[in-house]
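First up is the structure itself, then whatever we jot down about it.
The values are calculated or read from the model by the stated rules, or taken from the named source; none is laboratory data. If you're wondering where the values come from, they're calculated on a predicted model, not measured in any experiment. Cβ placement follows ideal geometry from the backbone for every residue including glycine, while neighbour counts extend to all protein chains displayed. Protein only, heavy atoms only, side chains kept; ligands, DNA and RNA dropped before computing areas. Shrake-Rupley method; radii C 1.70, N 1.55, O 1.52, S 1.80 Å.
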Amino acid sequence: MTRVLVLNGPNLGRLGVREPEIYGADTHADLVAAAAGWGAELGLTVDARQTDDESEIVGWLHEAVDTRAHVVLNPAAFTHYSYALRDAAAQVTSSGLLLVEVHLSNPHTRESFRHYSVVSGVATGTIAGFGFRSYRLAIEAIAQGLSLES
């Protein structure tokens, strides 16, 4: 089975309690379970993770390259300024793997500092504004991208 890493950055472990009017009432554990189910429906093995640590998420992107895993990435706050994360994400896509950037909310409808992503330019694509469905759409995009390669 094809493996997909679903990687979540800072504060996403607080889903369900942090600004539910923006991020929803479901928890990160709910997201992990949902992502695994969506992946299984599509013949993918999904491994969902969350960290508040920039070096850990960079290491996970390196792992994706080394183990040939595709990536769904919600960089959260790292979206706007982490060039280390951007460079690690570029290694994923330049190695021929798919990397879909996701956001629960639409950053372009929020504060101006959220309008710019250092990751988007190296991602295969970006999906934002659909809550948890953003992840489902990203996993489906990876599955469809893989079927186009076959």
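Send over a whole-number figure in Å² for the accessible area per residue of the chain, probe 1.4 Å.
With the other protein chains kept in place, the chain gives 46 Å² per residue.
The stretch 87-104 and the stretch 1-65 have Cα centres separated by 15 Å. Accessible surface of Glu41, taken over heavy atoms with a 1.4 Å probe and every protein chain present, rounds to 130 Å². Shape class of the stretch 1-112 from the Cα gyration tensor (axes a ≥ b ≥ c, square roots of the eigenvalues): oblate, since a/c reaches 1.5 or more and a/b does not exceed b/c.
In a simple Cβ point-charge model (Lys, Arg +1; Asp, Glu -1; nothing else charged), the stretch 10-150 has a dipole of about 280 debye relative to its Cα centre. Where the accessible area of the chain is counted over protein heavy atoms with a 1.4 Å probe, how much of it, in %, is carbon and sulfur? Roughly 52 percent of what the probe reaches on the chain is carbon or sulfur.
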